[in-house]
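The values are calculated or read from the model by the stated rules, or taken from the named source; none is laboratory data. None of the values given here were measured: they were computed from a predicted structure. Positions of Cβ are generated from backbone atoms using ideal geometry, with glycine treated the same way; all protein chains shown enter the neighbour counts.
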Amino acid sequence: MTTTRQDTAALRALQGLEDGRASVRLRAALAVGTTPDPRFIGKLVERSAIEPEFFVRDMLTWALTRHPVSLTLPELVREVRSERAQARSQALHTLSKIGDRGAWPVITRALLTDADDEVARSAWRAAVVLAPEGEESALAEVLATQLGRGERETQLSLSRALIALGDVVLPALRAAAAVPDRGVRAHALATQRLLRDPDAGFEFAIEEAKRVVALGGSRQEGR
């Protein structure tokens, strides 16, 4: 009888993940995470790829983190290779939350430079979390190729990722601060400033860097 009740509850939760109401999908994801069941993993990953509401996606990620890594990791690694941008982004986000460095090989240069900003940002965050000791310099060099990319939110995400790696990023930032592209130079200088003075704030740092670049400078920030 207990098994029947559990199966009924599982079926109800699975149906809830497909409900047209976001509040119902949220409760279903919460229920799945509260009582983890390997049968849900595929559906959670599948739903993450198409779920339109951020707060529901966040609950889906939490639910996945409640399941054994040995079961979720293969599913998420496959999803990272999806043609759907949201699928890649959410899988990367979930991998960063799980934090198992066994997923590091999936963080390729192609993902770190993905044309979709959300995918790239998720890849940057995941890379910083998953990178094994000794890989930080190589990672910093790849991340530095993305300096100057996108709008403020994207640039802030990249700066945060670079800063999280610590002083190892300074050679890459100094090189970027000397390139002809003004946007790249300004972003590199702003990131150096934030590495030196985290309390400066991104808006202040980027505007200051733009003034330096406009005046023809490429002042190097250091510690």
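Within region 13-71, track down each residue that is touching a Leu at 6+ places or on another chain (Cβ under 7 Å) and among the polar types (S, T, N, Q). Residue satisfying the conditions is Ser48 alone. Here are Arg182, Arg174, Arg211, Arg152: which of them is within 24 Å of the chain's Cα centre (by Cα) and not polar (S, T, N, Q)? Every option except Arg152 fails the conditions. Test of understanding: among Val128, Val56, which residue is surrounded by 17 or more Cβ atoms within 10 Å (Cβ to Cβ), among the β-branched types (Val, Ile, Thr) and more than 24 Å from Leu26 (Cα to Cα)? Just one listed residue meets the conditions, Val128. Collect the residues in region 156-178 that are surrounded by 15 or more Cβ atoms within 10 Å (Cβ to Cβ) and either assigned to a loop (DSSP other than H, G, I, E, B) or not aliphatic (A, V, I, L, M) (or both), keeping them in residue-number order. Across region 156-178, the qualifying residues are Ser157, Ser159, Arg160, Leu165, Arg174, Ala177.
So which pairs qualify, if the first residue must be in region 138-152 and on the phi > 0 side of the Ramachandran plot and β-branched (Val, Ile, Thr), the second must be at pLDDT below 95 and not in a loop (DSSP other than H, G, I, E, B), the Cβ gap must be under 7 Å, and the two must be at least 6 apart or on different chains? That search, which allows pairs on different chains as well, returns nothing. Answer yes if at least one residue in region 47-58 is under 20 Å from Asp116 (Cα atoms), free of Cβ contacts under 8 Å to residues at least 60 places away in the same chain and among the aliphatic types (A, V, I, L, M), and no otherwise. Yes - at least one qualifying residue is present in region 47-58.
Residues in region 156-181 that are free of Cβ contacts under 8 Å to residues at least 24 places away in the same chain and touching a helix residue (DSSP H, G or I) at 6+ places or on another chain (Cβ under 7 Å): Val179 alone. If you take the residues of region 17-54 that are more than 25 Å from Pro74 (Cβ to Cβ) and of a type in the set (A, V, I, L, M), which of them is farthest from the chain's Cα centre (by Cα)? Across region 17-54, the extreme among qualifying residues is Val24.
All of Leu95, Leu76, Leu71, Leu112 fail the test of being surrounded by fewer than 15 Cβ atoms within 10 Å (Cβ to Cβ) and in contact with a helix residue (DSSP H, G or I) (Cβ under 6 Å, 6 or more places away or on another chain), apart from Leu71.
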